[in-house]
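S.K.: Below you will find the structure I want to go over with you.
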């Protein structure tokens, strides 16, 4: 698929590319839609098999950010940055300064934030060369790591679906299988543990899984076994496309609700979940807490107000589940319809 064909497939939009030879930066900024406001989305820095894979990831992620902002009432458009991680050693300071200058050249059309492979420290470097960055330290007017707020929203979404599908008002004894114990996965495990849930976890990094075992009493299983764990809730919290033709058939859960972006490898995989009677929380709706948090920095940060807004993800997920049940449609398609309705109202 050519670049313009890919852009057409995901209904674009703008795609900005930048290379900085000195730092090794190869950056892609995808801006999907700005009807609701300037594009806001994280900056991902990971390795890719090819440039095409990196571009497709950026396009998919930014489109998800458009829908995430629309369905959660955040006054921003959808954008995402993908930085192809250099092989070998790199000067991280020079690398992110170069990216910050690229962001600054876009003149506020895109605002960046933390994502997979980046940190608050990286945002601090970017802050030295542009004001169009969120997720910096509180002493610099930011809110720091958005992961706890993302986890809070996911936990509230899980509670909504547990009530909707299982008619349970609490998580005591509920078995949740968590794939990926990174920043968000760790905080989600902590919150679930505090509410009495039973955890089974898997991560590509054994130390992260062992930490969950040590701190939360989680059972650790190999990565290839996490999908087949018998549980009430499966929570994908790693990279995207975890729900695909191979893994969906192995699931032994009633609910899928996790923090990862682009959990469905393809839209038809959401249909597969529906046909199997598995209630799915659309990823961009349930994981919007981090976006709500960093978006609030643009207007002046208020932690209490953000917490209240993120708690409202319960109602967003409940509405999706209720409309899906009434229409007898898969939840991911209902969520898309709600987001598209909100975008149409914006003009």
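The values are calculated or read from the model by the stated rules, or taken from the named source; none is laboratory data. It should be emphasised that the depicted structure is a prediction, and the values quoted were computed from it without experimental measurement. A quick note on method: Cβ atoms are made from the backbone with ideal geometry, for glycine too, and the neighbour counts reach across all protein chains shown.
Matching residues to (1) surrounded by fewer than 24 Cβ atoms within 10 Å (Cβ to Cβ); (2) modelled with pLDDT under 95; (3) farther than 21 Å from residue 123 by Cα:
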{"position": "1", "(1), (2), (3)": "yes, yes, yes"}
{"position": "8", "(1), (2), (3)": "yes, yes, yes"}
{"position": "12", "(1), (2), (3)": "yes, yes, yes"}
{"position": "23", "(1), (2), (3)": "yes, no, no"}
{"position": "50", "(1), (2), (3)": "yes, no, yes"}
{"position": "68", "(1), (2), (3)": "no, no, yes"}
{"position": "97", "(1), (2), (3)": "yes, no, no"}
{"position": "103", "(1), (2), (3)": "no, no, no"}
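S.K.: Then there's this: In the set 264, 223, which member is loosely packed, with under 15 Cβ neighbours inside 10 Å, touching a strand residue (DSSP E or B) at 6+ places or on another chain (Cβ under 6 Å) and touching a residue at least 40 places away in the same chain (Cβ under 8 Å)?
M.R.: Unique residue meeting the criteria: 223.
S.K.: Output the residues belonging to segment 329-347 that are touching a strand residue (DSSP E or B) at 6+ places or on another chain (Cβ under 8 Å) and within 18 Å of residue 65 (Cβ to Cβ).
M.R.: Correct list: 332, 343.
S.K.: Any idea how many residues of segment 260-279 are part of a loop (DSSP other than H, G, I, E, B) and closer than 18 Å to residue 321 by Cβ?
M.R.: 4
S.K.: Output yes when any residue across segment 320-341 is at pLDDT below 95 and surrounded by 19 or more Cβ atoms within 10 Å (Cβ to Cβ), and no when none is.
M.R.: No: segment 320-341 contains no residue that is at pLDDT below 95 and surrounded by 19 or more Cβ atoms within 10 Å (Cβ to Cβ).
S.K.: Then there's this: Test residue 198 against the stated conditions and say whether it is modelled with pLDDT of 95 or more and farther than 26 Å from residue 120 by Cα.
M.R.: yes
S.K.: Just one of the numbered conditions (1) within 29 Å of residue 17 (Cβ to Cβ); (2) in contact (Cβ under 8 Å) with a residue 12 or more places away in the chain is not true of residue 89; which one?
M.R.: Failed condition: (2).
S.K.: In addition: Residues that are in contact with a strand residue (DSSP E or B) (Cβ under 8 Å, 6 or more places away or on another chain), over 25 Å from residue 308 (Cα atoms) and surrounded by fewer than 21 Cβ atoms within 10 Å (Cβ to Cβ): does segment 185-194 have at least one?
M.R.: no
S.K.: Right, here's the next one. Scan (1) more than 25 Å from residue 307 (Cβ to Cβ); (2) surrounded by 15 or more Cβ atoms within 10 Å (Cβ to Cβ); (3) modelled with pLDDT under 95 for the single condition residue 88 breaks and write down its number.
M.R.: (2)
To keep it simple, each residue is scored yes or no on (1) part of a strand (DSSP E or B); (2) over 28 Å from residue 314 (Cα atoms).
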position	(1), (2)
8	no, yes
27	yes, yes
42	yes, no
69	no, no
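S.K.: Is it the case that segment 289-301 has a residue that's part of a loop (DSSP other than H, G, I, E, B) and either at pLDDT 95 or above or under 19 Å from residue 227 (Cβ atoms) (or both)?
M.R.: No, every residue in segment 289-301 fails to be part of a loop (DSSP other than H, G, I, E, B) and either at pLDDT 95 or above or under 19 Å from residue 227 (Cβ atoms) (or both).
S.K.: Tell me, which residue of segment 71-85 that is assigned to a loop (DSSP other than H, G, I, E, B) and touching a strand residue (DSSP E or B) at 6+ places or on another chain (Cβ under 7 Å) is surrounded by the most Cβ atoms within 10 Å (Cβ to Cβ)?
M.R.: 76
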